[in-house]
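The values are calculated or read from the model by the stated rules, or taken from the named source; none is laboratory data. Being a predicted model, the structure only gives us computed values, none of them experimental. Ideal geometry is used to build each Cβ from the backbone, glycine not excepted, and the neighbour counts take in all protein chains shown.
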Amino acid sequence: MDTTPHSSPATLTRVHDFDRRDRRRASAEGVLTRLRRGSYVDSHEWVGLRRDEQARAFVREVVLRRPGDVLVSHVSAAVLYGLPLVGRVVEQVDSLRFDVSGGRSESSLRAHRSRLVCSAVDLDGVHVTPAVRTLVDVALTEPLVTSVAAIDAALARGLVDAEELAVELARHGRARGLVRARAAMTVSSSGSLSPLESLSAVRMYQGHLLRPAQQVRFPSRCDGHYEVDFFWRRLRLIGEADGDEKYFLDGTDRAREAVLAEKGREDDLRDLGNDVVRWGWDEAWRPGALCRKLEARGVPVGAPW
């Protein structure tokens, strides 16, 4: 199974050529960005990173500049595996400790204590909890919008499988957060291929809507096929979770081509006897907004997942 991050960790140039006074001035002027005490990076370089790359760089900076071994866990380990963050900002590095009576959280380090010992995995010089343990810890401690997106990405990549997750969750017995973790396992699916699709599935679950099939194929006019995000077979209703990035390509011509191609795709799907409903991040993020839209298109409420 794939146990490496999707992309290599962001490498940032640590600032050494400023004295304390100049460094503070540069930070105040926005030239430098402070990651932690005594650690600054070039602001232009920093803002050019995606949010997950910033989180990964922050975790590595804290761990690699700290004396002593740290076992990175929970959300911090998830970002090192290259899993997406939804609804979460990394401001401390999660670490797992098995000496339950010792170890304290620090300003940049948050200690989690457990008697359930696990091995460590080396990711580019950083020790992290195994992927399956990481995901179960996230499921036990984080909201569904965060845990399901991470689990879905791991399932789609083959980093873990559903049986491994179930076995690991059972090892935790009656741990705090068990109900929430079980819900995350219920909602998660290898069919959710983007964080927006994962968030959408969570909203459907929270709204008790009928669970749709995912990544269903339909024939296209070009002897190929279309694959749709969600499909309610009885209603012949296709649901498409559209991230904005596909419509904001470099160059006006490319953006126009993308819009026209998407329109042609939707026309073909409708010609096959389907209805199509679309939504973006804004509707999926606001509790209730997506469910109201789907209910208006006939998706029934009250069906178990």
Task: Criterion (touching a residue at least 60 places away in the same chain (Cβ under 8 Å), in contact with a Lys or Arg (Cβ under 9 Å, 6 or more places away or on another chain) and assigned to a loop (DSSP other than H, G, I, E, B)) met by exactly one of Leu116, Leu85 - done: Leu85
TODO: Answer yes or no: is there a residue in segment 167-186 that is more than 21 Å from Gln206 (Cβ to Cβ) and touching a Phe, Trp or Tyr at 6+ places or on another chain (Cβ under 8 Å).
DONE: no
- [ ] For residues that are of a type in the set (A, V, I, L, M, F, W, C) and closer than 18 Å to Ala261 by Cβ, scanning just segment 210-233, find the one that is surrounded by the most Cβ atoms within 10 Å (Cβ to Cβ).
- [x] Val228
Open item on the list: Looking at Ala131, Ala120, Ala150 in this structure, which one is within 12 Å of the chain's Cα centre (by Cα) and at pLDDT 95 or above?
Closed with: Ala150
Open item on the list: Which condition from (1) among the hydroxyl-bearing types (Ser, Thr, Tyr); (2) in the same structural domain as Arg278 (by TED's automatic domain parsing); (3) surrounded by fewer than 17 Cβ atoms within 10 Å (Cβ to Cβ) is the one that Thr186 breaks?
Closed with: (2)
- [ ] Give the residue, chosen from Asp94, Asp52, that is modelled with pLDDT of 75 or more, part of a helix (DSSP H, G or I) and within 20 Å of Val160 (Cβ to Cβ).
- [x] Asp52
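Here is a yes/no grid of residues against (1) modelled with pLDDT under 95; (2) over 30 Å from Ala181 (Cα atoms):
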site	(1), (2)
Ser198	no, no
Val202	no, no
Arg236	no, yes
Ala241	no, no
Glu245	yes, yes
Arg254	yes, yes
Lys263	yes, yes
Asp268	yes, yes
Asp275	no, yes
- [ ] Check whether at least one residue in segment 134-146 is out of contact with any Pro (no Cβ under 9 Å at 6 or more places or on another chain), assigned to a loop (DSSP other than H, G, I, E, B) and over 19 Å from Ala57 (Cα atoms), and report yes or no.
- [x] yes
Task: Selected residue (only one of Ala289, Ala258 is more than 17 Å from Gly191 (Cβ to Cβ) and either assigned by TED's automatic domain parsing to the domain that holds Leu85 or modelled with pLDDT under 95 (or both)) - done: Ala258
Open item on the list: Looking at segment 172-187, can you tell me whether even one residue there is in contact (Cβ under 8 Å) with a residue 60 or more places away in the chain, hydrophobic (A, V, I, L, M, F, W, C) and either on the phi < 0 side of the Ramachandran plot or assigned to a helix (DSSP H, G or I) (or both)?
Closed with: yes
